Amino acid sequence: MVSILAVDDSASMRQMVSFTLKGAGYTVVEAVDGVDALDKAKAQKFDCVVTDVNMPNKDGITLIADLRALADYKFIPMLMLTTESGLDKKQAGKAAGATGWIVKPFNPNQLLKTIKKVLG
Amino acid sequence: MSIDMAQFHQVFFEESFEGLDIMETGLLNLDMGDVDAEEINTIFRAAHSIKGGSGTFGFTSVADFTHVMETLLDEMRDGRRQITQPAVDVLLGSVDCLREMLTAIQDEQDVDEAKVTEYKKQLEIELNGSESIETTAIESVEAAAKKPVDNAQTGWCIAFSPHAHLLKTGNDPVRMFRELATLGKLTTTVDLLGVPDLFELDAEECHLSWQLDIIGHFPEDEIDDIFNWVEDDCDLSIQILSEQEGLDGQAAAMESIAPSQNLKTDVSMDTAKPKETGLSPVTKPNSNKNKKESEKSVAKTSSSIRVDTGKIDTLINMVGELVITQSMLSLVGEHFELNKLDQLKNGLSQLERHTRELQESVMNIRMLPISFVFSRFPRLVHDLSSKLDKKIELVLVGENTEVDKTVVELLSDPLVHLVRNSLDHGVEMPADRIAASKPETGTITLEAYHRGGNIVIEVRDDGKGLDKEMLKNKAIEKGLINEDAVLTDKQTYELIFMAGFSTAEKLTDVSGRGVGMDVVRRNIQSLGGNIEITSKLGQGTTIAIHLPLTLAILDGQSIAVGDERFIIPLGAIIESVNVTDDMINRVVGKGETFRLRDEYLPIVRMHGIFDVVSARATKLTEGLVVVVDGQGMRCGLFIDDLLGQQQVVIKSLEANYRKVEGVSGATILGDGSVALILDIPGLVRLSNQ
């Protein structure tokens, strides 16, 4: 079973992402911020990480950088969900090791398409 | 796959309202001189989340509006923009406007477009110094985005050399090729020239490059999309492959690489397909029926409560204990012999303890910190004090005191009224305060604490206090009391609660026209509480609200009158006495009274009021008199006997039967019989008639 870690401080977004991915047959674990996500990622290896950028405690970009430093997450696809269409956030994300990004607002189909793209 | 987004709306609204509260608190806390970066970041994050959510869930008007706020906040966060009081005020107004928008959308009502436009304009003026010119720019960008497809083009020739670190971003070239193959017929030629010797090879790096030829009629954008994420991590060139060129180019490329080591793979669409279809059957759980149901469930706004998970854990523990006790008891009961009596008693007392604990933890779930009510006041005080040109500091004490959810909901309006009154009538103008040698800034304190089984909420100000003479004159002027009435301090202050009493010389739009205080008191009384005022002229006023902790369970004293059982709220009982003949007094027109120390109290004969024919005691000396206090007034209830004290679950009599004077509800006793719960203030009123 392909497992995905969905990270967002907004409960509605988190539920939407999780519901969409579960509906497509993935196993989804939710995390409420970067710190929570890092704990969960250490406890269990995920095949993909989808994270919001702007979060309290630890933002998505730092999370990605932290995860990339772990052996288990060296090559795992990690996507950032971002409303910031500005280049700087994407660039910062890429520099931290993000695979790609999904620009908010997005609909479930776009999310699924992108996830399928990285997971094959 | 279609997913019904409506199912997430409720959560979205809840978190958006929370976000708005966070923004409001944050904005109010902003110190113009020394802005805390984290504070502004928190405000920004809340706006950002609302924007993201509203866009995703299709509330574009909200998303557009928040976008402007977000841009403004972003500039403040980056230090590109000075944080000024006018800007903060505009943001505060926008928070209100956004709250109204969301409420309207949630209730499926029309949004007040004019107001939204007005606030948006203000934000844009704050942002740009003038109204927005952004919209046209966006349109032109969109128009340019779609490049026309060249008719002569039959395919594309792509040279793709990823940088060594590409794999470490989680991007897999095979994945991109598979995607390319969905666009047309793809031929990939790999170039192994860059691969170092085995001993120098770092397995985590990518040293391959590819020549990708794809035959198909589609715009370049679609290729750009696929390489979008990696454009900085590779060297990429995309060229048109025209019909002739296509074949030549392909041949040339093959030749040029042919002598060296090269591999050629054919990735057809078919190879990519199975993986995709593997997932699709699962993606159809959302039939139309589901959709309709969830829409319906969203339409009726459910009342929900957020519960600390710790409380739920306690509850689950309790239930676990209960199950153990139950199984122990059933074991005892299976082959019961008299020598097991101790075991049985033991089990029953455990059961009783667990049931009580369970009840307590369930009640605890309904308890919310009073901060739910208090949190709106910083804003209120901020807005009103600037409106009134007063300097006022609000102090909140005991915000974590927990109260029943119903109390929290119903407490809000009365408190607003009291705080407004303190602001408007209590605290003086700065100049007057200085003249009275008080600090220029007045203080209003909101404090909550537990006392006995009650919660007490105090609204305190250090303002001018109540002028007893003025109150009295006003009441006489209004015809509320007689000119020669002699009033105690308490009774004088009570005048404020009379309908039609207003002490403000001028009516202001802050605290209205004096229709409020009687309503405030009625609201508090309907919650089973009471309200009292203490004041010192020139030093300030304190208004204390006493409320029961919960409205669902009551500590009661059960009493007997004949065969009937009644419950007196324990908090109302002062003492019970055996009266003797010399204590009893009959006052003409006032009925029976008795003297308790140096006070004469009216006597209410319970058997008379409730028509109990089986009453054992009819002479006052034969029964008991329970002295009760109902909103500061006392009377003695004449009863047969005191039984036991117990917690009773209140059932509404009004909802099941009708309102009965002197009765506030009913409860079911342990033996299954019904007992009426006495409304002590109501009975005291009756006794005075």
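The values are calculated or read from the model by the stated rules, or taken from the named source; none is laboratory data. No experiment lies behind these values; they were computed from the predicted model shown. All Cβ positions, glycine included, derive from the backbone under ideal geometry; neighbour counts span all protein chains shown.
Over 27 Å from residue B:204 (Cβ atoms), more than 9 Å from chain B (Cβ to nearest Cβ) and not in a strand (DSSP E or B): which single residue out of A:88, A:72, A:66 fits that description?
Details: A:72 fails: over 27 Å from residue B:204 (Cβ atoms); A:66 fails: over 27 Å from residue B:204 (Cβ atoms).
Only one candidate passes the filter, namely A:88.
With A:50, A:2, A:7 as the choices, which residue is within 10 Å of chain B (Cβ to nearest Cβ), closer than 21 Å to residue A:113 by Cβ and either in contact with a strand residue (DSSP E or B) (Cβ under 8 Å, 6 or more places away or on another chain) or not β-branched (Val, Ile, Thr) (or both)? Spell out how you get there, then give the answer.
Details: A:50 fails: within 10 Å of chain B (Cβ to nearest Cβ); A:7 fails: within 10 Å of chain B (Cβ to nearest Cβ).
Just one listed residue meets the conditions, A:2.
Please pick out the residue among B:476, B:481 that is part of a loop (DSSP other than H, G, I, E, B), surrounded by 14 or more Cβ atoms within 10 Å (Cβ to Cβ) and more than 42 Å from the chain's Cα centre (by Cα).
On the way: B:476 fails: part of a loop (DSSP other than H, G, I, E, B).
From the options B:476, B:481, the qualifying one is B:481.
All but one of (1) more than 30 Å from residue A:97 (Cβ to Cβ); (2) at pLDDT below 85; (3) not in a strand (DSSP E or B) hold for residue B:80; state the number of the condition that does not hold.
(1)
Which one of these does residue A:44 not meet: (1) within 11 Å of another protein chain (Cβ to nearest Cβ); (2) touching a residue at least 40 places away in the same chain (Cβ under 8 Å)?
It is condition (1) that residue A:44 fails.
Within segment B:592-609, how many residues are touching a residue at least 40 places away in the same chain (Cβ under 8 Å) and either touching an Asp or Glu at 6+ places or on another chain (Cβ under 7 Å) or in a strand (DSSP E or B) (or both)?
At the first step, the residues of segment B:592-609 found to be touching a residue at least 40 places away in the same chain (Cβ under 8 Å) are B:594, B:596, B:602-604, B:606-607, B:609.
Subsequent filtering for residues that are either touching an Asp or Glu at 6+ places or on another chain (Cβ under 7 Å) or in a strand (DSSP E or B) (or both) retains B:594, B:596, B:602-604.
Residues flagged as touching a residue at least 40 places away in the same chain (Cβ under 8 Å) and either touching an Asp or Glu at 6+ places or on another chain (Cβ under 7 Å) or in a strand (DSSP E or B) (or both) within segment B:592-609 amount to 5.
Residues checked against (1) outside the structural domain of residue B:558 (by TED's automatic domain parsing); (2) part of a strand (DSSP E or B); (3) over 23 Å from residue B:488 (Cβ atoms):
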| site | (1), (2), (3) |
| --- | --- |
| B:615 | no, no, yes |
| B:622 | no, no, yes |
| B:635 | no, yes, no |
| B:643 | no, yes, yes |
| B:676 | no, yes, yes |
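Could you check how many residues of segment B:190-238 are among the acidic types (Asp, Glu), more than 14 Å from chain A (Cβ to nearest Cβ) and either under 55 Å from the mean Cα position of the chain (by Cα) or closer than 28 Å to residue A:95 by Cβ (or both)?
Step one: filter segment B:190-238 for residues among the acidic types (Asp, Glu), giving B:191, B:197, B:200, B:202, B:204-205, B:213, B:220-222, B:224-225, B:231-233, B:235.
Filter again for more than 14 Å from chain A (Cβ to nearest Cβ), leaving B:191, B:197, B:200, B:213, B:220-221, B:235.
From what's left, either under 55 Å from the mean Cα position of the chain (by Cα) or closer than 28 Å to residue A:95 by Cβ (or both): B:191, B:200, B:220-221, B:235.
Counting residues in segment B:190-238 that are among the acidic types (Asp, Glu), more than 14 Å from chain A (Cβ to nearest Cβ) and either under 55 Å from the mean Cα position of the chain (by Cα) or closer than 28 Å to residue A:95 by Cβ (or both) gives 5.
Has segment B:376-386 got at least one residue that is without any contact (Cβ under 8 Å) to a residue 40 or more places away in the chain, hydroxyl-bearing (Ser, Thr, Tyr) and surrounded by fewer than 17 Cβ atoms within 10 Å (Cβ to Cβ)?
Within segment B:376-386, one or more residues are without any contact (Cβ under 8 Å) to a residue 40 or more places away in the chain, hydroxyl-bearing (Ser, Thr, Tyr) and surrounded by fewer than 17 Cβ atoms within 10 Å (Cβ to Cβ).
Tally time: how many residues in segment B:366-394 are part of a helix (DSSP H, G or I) and under 15 Å from the mean Cα position of the chain (by Cα)? Walk me through how you get there before you give the answer.
Narrowing segment B:366-394 to residues part of a helix (DSSP H, G or I): B:371-374, B:377-388.
With under 15 Å from the mean Cα position of the chain (by Cα) added as a condition, the list becomes B:371-374, B:377.
The total comes to 5.
Would a scan of segment B:34-53 turn up a residue that is among the polar types (S, T, N, Q), out of contact with any Phe, Trp or Tyr (no Cβ under 6 Å at 6 or more places or on another chain), part of a helix (DSSP H, G or I) and away from every other protein chain (no Cβ under 12 Å)?
Of segment B:34-53, the ones among the polar types (S, T, N, Q) are B:41-42, B:49.
With out of contact with any Phe, Trp or Tyr (no Cβ under 6 Å at 6 or more places or on another chain) added as a condition, the list becomes B:41-42, B:49.
When the remaining residues are screened for being part of a helix (DSSP H, G or I), the result is B:41-42, B:49.
Okay, now just the ones that are also away from every other protein chain (no Cβ under 12 Å), so none.
No, the conditions are met nowhere in segment B:34-53.
Among the candidates A:113, A:117, which residue alone is more than 9 Å from every other protein chain (Cβ to nearest Cβ), in a helix (DSSP H, G or I), free of Cβ contacts under 8 Å to residues at least 40 places away in the same chain and of a type in the set (D, E, K, R)? Steps first, answer last, please.
On the way: A:117 fails: more than 9 Å from every other protein chain (Cβ to nearest Cβ).
Checking each option against the conditions leaves just A:113.
Just give me the residues in segment B:646-667 being surrounded by 14 or more Cβ atoms within 10 Å (Cβ to Cβ) and either in contact with a helix residue (DSSP H, G or I) (Cβ under 9 Å, 6 or more places away or on another chain) or among the aromatic types (Phe, Trp, Tyr) (or both), in sequence order.
Our first condition is that a residue be surrounded by 14 or more Cβ atoms within 10 Å (Cβ to Cβ); within segment B:646-667, this holds for B:646-648, B:650-651, B:653, B:660, B:662-667.
Within segment B:646-667, B:647, B:660, B:662, B:663, B:664, B:665, B:666 meet the criteria.
For residues in segment A:91-110 being of a type in the set (S, T, N, Q) and not in a helix (DSSP H, G or I), which is nearest to the other protein chains (Cβ to nearest Cβ)? Show your work before the answer.
The first filter runs over segment A:91-110 and keeps only residues of a type in the set (S, T, N, Q), leaving A:91, A:99, A:107, A:109-110.
From the residues that got through so far, the ones that are not in a helix (DSSP H, G or I) too are A:99, A:107.
Working: A:99: 4, A:107: 7 Å.
Top of the filtered list is A:99.
From B:59, B:17, grab the single residue that is surrounded by fewer than 22 Cβ atoms within 10 Å (Cβ to Cβ), more than 8 Å from chain A (Cβ to nearest Cβ) and more than 20 Å from residue B:85 (Cβ to Cβ).
On the way: B:59 fails: surrounded by fewer than 22 Cβ atoms within 10 Å (Cβ to Cβ).
Only one candidate passes the filter, namely B:17.
With the requirement that a residue be of a type in the set (Gly, Ala, Ser) and over 18 Å from residue A:75 (Cβ atoms), what does segment A:1-36 give you? Can you show your working first?
Quick first cut of segment A:1-36, residues of a type in the set (Gly, Ala, Ser) only: A:3, A:6, A:10-12, A:18, A:23-25, A:31, A:34.
Selection gives A:6, A:10, A:11, A:12, A:18, A:23, A:24, A:25, A:31, A:34.
Here are B:406, B:401, B:492: which of them is among the polar types (S, T, N, Q) and farther than 22 Å from residue B:527 by Cα?
Working: B:406 fails: farther than 22 Å from residue B:527 by Cα; B:401 fails: farther than 22 Å from residue B:527 by Cα.
Of the residues listed, the single one that is among the polar types (S, T, N, Q) and farther than 22 Å from residue B:527 by Cα is B:492.
On the given criteria, is residue B:88 within 25 Å of residue B:378 (Cβ to Cβ), surrounded by fewer than 20 Cβ atoms within 10 Å (Cβ to Cβ) and either away from chain A (no Cβ under 11 Å) or in contact (Cβ under 8 Å) with a residue 12 or more places away in the chain (or both)?
Details: within 25 Å of residue B:378 (Cβ to Cβ): yes; surrounded by fewer than 20 Cβ atoms within 10 Å (Cβ to Cβ): yes; either away from chain A (no Cβ under 11 Å) or in contact (Cβ under 8 Å) with a residue 12 or more places away in the chain (or both): yes.
Considered against the rule, which asks whether it is within 25 Å of residue B:378 (Cβ to Cβ), surrounded by fewer than 20 Cβ atoms within 10 Å (Cβ to Cβ) and either away from chain A (no Cβ under 11 Å) or in contact (Cβ under 8 Å) with a residue 12 or more places away in the chain (or both), residue B:88 comes out as yes.
Which of the residues that make up segment B:358-375 are out of contact with any strand residue (DSSP E or B) (no Cβ under 9 Å at 6 or more places or on another chain) and buried (at least 17 other Cβ atoms within 10 Å of the Cβ)?
B:358, B:361
Report whether or not residue B:70 is free of Cβ contacts under 8 Å to residues at least 40 places away in the same chain and in contact with a helix residue (DSSP H, G or I) (Cβ under 6 Å, 6 or more places away or on another chain). Working first, answer last.
Values: free of Cβ contacts under 8 Å to residues at least 40 places away in the same chain: yes; in contact with a helix residue (DSSP H, G or I) (Cβ under 6 Å, 6 or more places away or on another chain): yes.
Spelling it out, residue B:70 is indeed free of Cβ contacts under 8 Å to residues at least 40 places away in the same chain and in contact with a helix residue (DSSP H, G or I) (Cβ under 6 Å, 6 or more places away or on another chain).
State which residue pairs qualify: first residue more than 7 Å from chain A (Cβ to nearest Cβ) and inside segment B:166-178, second residue part of a loop (DSSP other than H, G, I, E, B) in any location, beta carbons under 6 Å apart, and separation of 6 or more residues or different chains.
Partner pairs satisfying both residue conditions: B:166/B:206; B:166/B:233.
One line per residue, one yes/no per condition, for (1) more than 30 Å from residue B:466 (Cα to Cα); (2) at pLDDT 85 or above:
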| site | (1), (2) |
| --- | --- |
| B:534 | no, yes |
| B:554 | yes, no |
| B:557 | yes, yes |
| B:560 | yes, yes |
| B:563 | yes, yes |
| B:568 | yes, yes |
| B:572 | no, no |
| B:575 | yes, yes |
| B:586 | yes, no |
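Within segment B:636-646, identify whether any single residue is touching a residue at least 24 places away in the same chain (Cβ under 8 Å), within 38 Å of the chain's Cα centre (by Cα) and closer than 21 Å to residue B:677 by Cβ, and answer yes or no.
yes
Please go through (1) at pLDDT below 85; (2) outside any loop (DSSP other than H, G, I, E, B) for residue B:121 and return the number of the only condition it doesn't satisfy.
That leaves (1) as the condition not met.
Among the residues of segment B:328-351, is there at least one that is assigned to a loop (DSSP other than H, G, I, E, B) and in the same structural domain as residue B:539 (by TED's automatic domain parsing)?
Narrowing segment B:328-351 to residues assigned to a loop (DSSP other than H, G, I, E, B): B:335-337.
Right, trim to in the same structural domain as residue B:539 (by TED's automatic domain parsing) and you get none.
So far as segment B:328-351 goes, no, none of its residues is assigned to a loop (DSSP other than H, G, I, E, B) and in the same structural domain as residue B:539 (by TED's automatic domain parsing).
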